[in-house]
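Read the figures in this text as sums done on the coordinates, not as results from a lab. This one's a predicted model, so the numbers in the text were calculated from it and none came from an experiment. Glycine also receives a Cβ, built like all others from the backbone with ideal geometry; neighbour counts cover every protein chain displayed.
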Amino acid sequence: MAEEIFIDDIFGPSEDVVARLIEGEMILVPIAAGVGDAEDALFTLNETGKAIWEKLDGIRSLRQVAAELTREFEATTAVIEADVLGLVRELASRRMLVRK
């Protein structure tokens, strides 16, 4: 069963993942065995995902990340929080993000 993730949790990038900006796209590259998905080791983030990733510093809570993004984008807090939680759940399940 997947670990529950809440809006007040704090996450940061795993030490086993490198993020690279290539031609405007953020690419997450696992550098350790067992990180990511064997069939799809590279993970490409869209603009929303890139904005979220750049704020996941292991210091700010997911709520703080969402609040900052709400000020930057024209979307409701509920929509932004759902996007943040969705991406964090996906990347945490791939062990590309870790709870702090």
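Worth pointing out:
- Each Cα pair under 8 Å and six or more residues apart adds its separation to the average, and for the chain the resulting relative contact order is 38 percent.
- Each Lys and Arg contributes +1 and each Asp and Glu -1, all at the Cβ; summed about the Cα centre of region 11-95, the dipole is approximately 300 debye.
- Nearest 10 degrees, 0 to 90: helix 77-93 Cα axis against the chain principal axis: 20 degrees
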